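Throughout, read-outs are computed from the coordinates displayed, never taken from laboratory work. Keep in mind the model is a prediction, meaning the values are calculated, not measured. Note that we place each Cβ from the backbone using ideal geometry, even for glycine, and neighbour counts take in every protein chain shown.
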Amino acid sequence: MRTPRARSTTLHWHPAIEQAELLHVASLIDVVRHAVRCQEPRAALATLDSLLFLGLMTREDLIEVFDTVPRRFRSLLALADGSAESGPETFVRLILRTLGVPFETQVRIPGVGRVDFMVDGWLIIECDSRAFHAGWEQQVADRRRDLAAARLGYTTVRPLAADIMDHPDRLRLALIDILDARATVR
């Protein structure tokens with residue numbers, strides 16, 4: 001018998017592929033299957049990216065997951081990328097793909113360090129969150145890195161994780177304007 005639940009609770013009644021030894025435990029494969037089916041596509045992709053980045057799953061494991069979900073979800077597998085260190089980085093990568101601009105992830109720049117994104121060879125995008133950029137020492141380090149990058153001819157933008165997650169359309173428009181402004185100056 002199913003017990004009453006809050007309206008905000010979603011129940012998942014898909015059968016498990018792998019039976020766990022304990023009834024209250026699900027395998028990672030089954031958990032990811034449910035995440036892919038129940039999350040919006042970009043959130044599901046952020047989940048997949050995190051699993052790859054953290055080494056919790058391999059691409060082969062993801063292939064096993066996608067062999068068991070409906071075909072309509074399979075396009076996500078091709079987009080999964082273990083270079084994203086956070087959900088906001090996944091979201092920015094998706095925005096950049098829609099813009100059709102050349103970009104690289106996790107690029108090392110001598111004298112600056114590793115940056116989240118290098119777009120079109122001149123624009124650095126750093127996805128900042130409170131967890132990693134909150135203290136004054138980190139703010140100082142970030143500004144010094146930005147200055148070092150500017151001295152080398154790069155432009156750095158630091159969208160906030162909250163804005164990336166909650167207002168991706170605004171970020172997309174801002175990036176279009178930034179890229180267009182550079183093209184006009186050239």
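Assorted remarks:
- In terms of packing, defined here as the mean over residues of other Cβ atoms within 10 angstrom, the peptides 40-53, 65-78 line up highest first as 40-53, 65-78.
- Cut-off under 5 Å, modelled amide H: who pairs with Thr156 long-range: Ile124
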